[in-house]
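The values are calculated or read from the model by the stated rules, or taken from the named source; none is laboratory data. Given the structure is predicted, the values throughout are model-derived calculations rather than measurements. When we count neighbours, we look across all protein chains shown, and the Cβ atoms used for this are built from the backbone with ideal geometry, even at glycine.
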Amino acid sequence: MKSIRTKLVVVFSASITLIVFVLLSVSIWGINTLNERDSNQILEHLGRENAGTIDAKLEDIEHSANKIYYYAYDQLEAYFGKLYGESFRKDYLERVGTLALSEAKGADSKDSNNIKAVYYRLTTDIKQEPTGFYYQWDTETQSFKKRQDIDLSKYDKDDEENVGWYYMAKEEKKPVWIGPYQNDRLGIRVATYSSPVYVFGRFTSVISMDVDIEELCKELHDITIYNTGSAVLFDVEENLLYDKEHEDGLDKENFTETEDAISKAKNTSLKSKDPVEYRTSDGAMKLYACKLVNGMTLCVTAPLDEINSTRTRVLGYSITLSLVFAAIALVVMFLLINRFLRPLKELTDVSKQLADGNMEVHLDYKGNDEIGQLTEMFELMANSLKRYFDHFHSLAYTDSLTGLNNKAAFTMTKEVIESEVKMGRASFTIVVMDVNNLKTINDTIGHEMGDLLLKHVVLCMRKVFVGFPLYRIGGDEFCSIVNTDEPQNLIDRLQSVTAGMSREDFETFHCDYQIAAGYSTFVKGEDKSFDDVFNKADAKMYENKSYLKARAKKEKKDRV
């Protein structure tokens, strides 16, 4: 039996542990939530900021191309009928070319928007030269040089890398970004911005600019996310244009598990518009993806351990503070318990004397508190116990054959429980038991053997109902009043033990015997008295009795 000290220590320790656990759980939840929110905001900010920087460069190119477009459009609208005249075309193309060259030089001077070519092509309906112009950046002279115009007739219309800038813009009827792709003329990877010119609903020409993707990727090299995180750039066809491991890019056909994981995380982030976690051979990572104006995707990614480094430190502080709080609380608890238990020790000593049968006890503690009241009640209880003890000794409460409590003891217990039921404090379970085949043994081999059987059965009961009172309330009827959450376990164990002993006793009694049992637990509001609970248990016992007899009959038939 656990002492009050032990119980108090257990209760207070459990309470302190629960409080610490709840506080720590709330702290961890709060820290994780804040860390998740903040890290997502940081990644989104960095992603959008860097995507905005690249978009600004691409939009500068769009702006330059659009200025050329509006000039070309205004000229064609004003002199549309002269488009097929050679003299007008030559003069017109020269004026548009001058503006295009100026815009390309101006855009390229803005800390390198990386324009490598600007070109213009009239509709293929015009067969006579001139049909357009082509200016290409020359690295040696660091200036734009006029090159031979692109001959569209040499390429198939589906050749996106060579003539997609013309046919795709014509088909879309609006400005489009094409690529990135490898431009054989320039010998570099470029993305092309093409804007078709429609006048009076008729396609007339296309203005295009090529931007150097390699130069854009170099700018990604300086982007750092947390400590070791970086930027990753994908093209519209899911190929890798840049990451810190593949600065020259990597086709998706050559992706390893790492690149596949990044690509999948990119698609998930674009779909959810939130940062997502993924795992590679280097560990857990987090990524946020942004679409650029030309259809490419910029990702910012960083290791989770770097993202969570602040969270880890704060969690460490929280755990340390929680442990310190728990230690201080436990020390205070032990001091309070010791002070509280001093007067209770005297009550414990008196209780032992009462248990030993000494009813002449005296308590010294006279405090004006609950323990003082308890002390006074102890003295009154001791006097009452002495009177009851003298009275009870005059009665016989023990069954002479089995040594169990007899019917009188059962009746007294019933009265006590009935009073508890009336006061609304009752909590009990009744187990009713009956011995099968006792009558058969009495009739076949005599009542002495029947009495022996009852003693054997009682041994089974004593092995199982340890700590619970047992009563013999009839010839072969027994009862126990228990306080347990699993009374069926007691019945199962009892019948298992009885079955084993029955097999051992078969030669003695020449037949099997069983203990039928049933239980019922007092339900407040449903059961009105002790008898209500007893009758339910008795009914269940008879159900079990019928079941055991049927099973025994079947087993006997199966053996035959």
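Looking at the stretch 512-533, which of the residues that are surrounded by fewer than 19 Cβ atoms within 10 Å (Cβ to Cβ) and either outside any strand (DSSP E or B) or of a type in the set (A, V, I, L, M, F, W, C) (or both) is modelled with the lowest pLDDT?
Taking the candidates together, the pick is 512.
Select from the stretch 180-194 the residues that are in contact (Cβ under 8 Å) with a residue 24 or more places away in the chain and under 15 Å from residue 119 (Cβ atoms) and list them in ascending order.
At the first step, the residues of the stretch 180-194 found to be in contact (Cβ under 8 Å) with a residue 24 or more places away in the chain are 180, 183, 185-186, 188-194.
If the condition is that a residue be in contact (Cβ under 8 Å) with a residue 24 or more places away in the chain and under 15 Å from residue 119 (Cβ atoms), then 183, 185, 186, 190, 191, 192, 193, 194 are the ones that fit.
Before we move on, is residue 269 part of a helix (DSSP H, G or I) and in contact with a strand residue (DSSP E or B) (Cβ under 6 Å, 6 or more places away or on another chain)? Before you say what the answer is, go through the steps one by one.
Values: part of a helix (DSSP H, G or I): yes; in contact with a strand residue (DSSP E or B) (Cβ under 6 Å, 6 or more places away or on another chain): yes.
So residue 269 fits the description; yes.
From the list 37, 48, which residue is under 28 Å from residue 225 (Cβ atoms) and in contact (Cβ under 8 Å) with a residue 24 or more places away in the chain?
Only one candidate qualifies: 48.
Hey, does the stretch 244-262 have a residue that's surrounded by 17 or more Cβ atoms within 10 Å (Cβ to Cβ), of a type in the set (D, E, K, R) and within 28 Å of residue 172 (Cα to Cα)?
No, the stretch 244-262 has no match at all.
Just checking, which of 251, 282, 243 is touching a residue at least 12 places away in the same chain (Cβ under 8 Å) and in contact with a Pro (Cβ under 8 Å, 6 or more places away or on another chain)?
After applying the criteria, what remains is 282.
Would you call residue 222 of a type outside the set (Val, Ile, Thr), in contact with a Lys or Arg (Cβ under 6 Å, 6 or more places away or on another chain) and exposed (fewer than 15 other Cβ atoms within 10 Å of the Cβ)? Before you say what the answer is, go through the steps one by one.
Working: of a type outside the set (Val, Ile, Thr): yes; in contact with a Lys or Arg (Cβ under 6 Å, 6 or more places away or on another chain): no; exposed (fewer than 15 other Cβ atoms within 10 Å of the Cβ): yes.
Judged against the criteria, residue 222 is not a match.
Between residues in the stretch 256-278 that are aromatic (Phe, Trp, Tyr) and residues that are surrounded by 16 or more Cβ atoms within 10 Å (Cβ to Cβ), which pairs lie under 6 Å by C-beta distance while being six or more apart or on different chains?
Between residues of the stretch 256-278 that are aromatic (Phe, Trp, Tyr) and residues that are surrounded by 16 or more Cβ atoms within 10 Å (Cβ to Cβ), the close pairs are 278/261; 278/265; 278/285.
Within the stretch 215-245, can you find the residues that are at pLDDT below 85 and within 21 Å of residue 295 (Cβ to Cβ)?
Within the stretch 215-245, 215, 216, 217, 218, 219, 220, 223 qualify.
Quick check, is residue 69 free of Cβ contacts under 8 Å to residues at least 40 places away in the same chain and of a type in the set (Phe, Trp, Tyr)? Show your work before the answer.
Details: free of Cβ contacts under 8 Å to residues at least 40 places away in the same chain: no; of a type in the set (Phe, Trp, Tyr): yes.
It is false that residue 69 is free of Cβ contacts under 8 Å to residues at least 40 places away in the same chain and of a type in the set (Phe, Trp, Tyr).
Under 9 Å by Cβ, and 6 or more places apart or on different chains, what pairs join a residue from the stretch 81-106 that is farther than 23 Å from residue 60 by Cβ and modelled with pLDDT of 90 or more with one that is outside any helix (DSSP H, G or I) and of a type in the set (Lys, Arg)?
Nothing qualifies.
Of all the residues that make up the stretch 324-335, how many are in contact (Cβ under 8 Å) with a residue 24 or more places away in the chain and surrounded by fewer than 16 Cβ atoms within 10 Å (Cβ to Cβ)? Before you say what the answer is, go through the steps one by one.
Taking the stretch 324-335 and keeping what is in contact (Cβ under 8 Å) with a residue 24 or more places away in the chain, we get 325-326, 329-330, 333-334.
Filter once more, keeping what is surrounded by fewer than 16 Cβ atoms within 10 Å (Cβ to Cβ): 325, 330, 334.
Final tally of qualifying residues: 3.
Output the residues belonging to the stretch 497-551 that are free of Cβ contacts under 8 Å to residues at least 24 places away in the same chain and among the polar types (S, T, N, Q).
Within the stretch 497-551, 502, 535, 546 meet the criteria.
Being loosely packed, with under 13 Cβ neighbours inside 10 Å and outside any strand (DSSP E or B): is that true of residue 503 here?
yes
Filtering the stretch 225-242 down to residues that are among the β-branched types (Val, Ile, Thr) and under 13 Å from residue 47 (Cβ atoms), which residue is surrounded by the fewest Cβ atoms within 10 Å (Cβ to Cβ)?
Per the criteria, the residue is 225.
Condition first: exposed (fewer than 15 other Cβ atoms within 10 Å of the Cβ), at pLDDT 90 or above and in contact with a strand residue (DSSP E or B) (Cβ under 6 Å, 6 or more places away or on another chain). Can you find one or more residues in the stretch 300-308 that meet it?
No.
This table checks each residue for (1) at pLDDT 95 or above; (2) farther than 25 Å from residue 214 by Cα; (3) within 22 Å of the chain's Cα centre (by Cα); (4) not β-branched (Val, Ile, Thr).
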{"residue": "260", "(1), (2), (3), (4)": "no, no, no, yes"}
{"residue": "266", "(1), (2), (3), (4)": "no, no, no, yes"}
{"residue": "270", "(1), (2), (3), (4)": "no, no, no, yes"}
{"residue": "281", "(1), (2), (3), (4)": "no, yes, no, yes"}
{"residue": "285", "(1), (2), (3), (4)": "no, yes, yes, yes"}
{"residue": "290", "(1), (2), (3), (4)": "no, no, no, yes"}
{"residue": "297", "(1), (2), (3), (4)": "no, no, no, no"}
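Among the candidates 76, 23, 43, 58, which residue alone is farther than 30 Å from residue 292 by Cβ and in contact with a strand residue (DSSP E or B) (Cβ under 8 Å, 6 or more places away or on another chain)?
Only one candidate passes the filter, namely 76.
Got at least one residue in the stretch 423-432 being over 50 Å from the mean Cα position of the chain (by Cα) and either in contact (Cβ under 8 Å) with a residue 24 or more places away in the chain or under 22 Å from residue 502 (Cβ atoms) (or both)? Write out each step before concluding.
Looking only at the stretch 423-432, we keep the residues that are over 50 Å from the mean Cα position of the chain (by Cα), and these are none.
The answer is no, given that none of the residues of the stretch 423-432 is over 50 Å from the mean Cα position of the chain (by Cα) and either in contact (Cβ under 8 Å) with a residue 24 or more places away in the chain or under 22 Å from residue 502 (Cβ atoms) (or both).
Do you know which residues across the stretch 162-179 are touching a residue at least 40 places away in the same chain (Cβ under 8 Å), out of contact with any Ser or Thr (no Cβ under 6 Å at 6 or more places or on another chain) and either within 21 Å of residue 215 (Cα to Cα) or among the β-branched types (Val, Ile, Thr) (or both)?
177
Which residue out of 262, 223, 207 is part of a loop (DSSP other than H, G, I, E, B) and aliphatic (A, V, I, L, M)? Outline the logic, then answer.
Details: 262 fails: part of a loop (DSSP other than H, G, I, E, B); 207 fails: part of a loop (DSSP other than H, G, I, E, B).
That would be 223, the only listed residue that is part of a loop (DSSP other than H, G, I, E, B) and aliphatic (A, V, I, L, M).
Condition (residue is of a type in the set (Lys, Arg) and closer than 30 Å to residue 190 by Cβ) applied to the stretch 272-289: is it met by at least one residue?
Within the stretch 272-289, one or more residues are of a type in the set (Lys, Arg) and closer than 30 Å to residue 190 by Cβ.
Within the stretch 461-468, is even one residue outside any helix (DSSP H, G or I), surrounded by 12 or more Cβ atoms within 10 Å (Cβ to Cβ) and not β-branched (Val, Ile, Thr)?
yes
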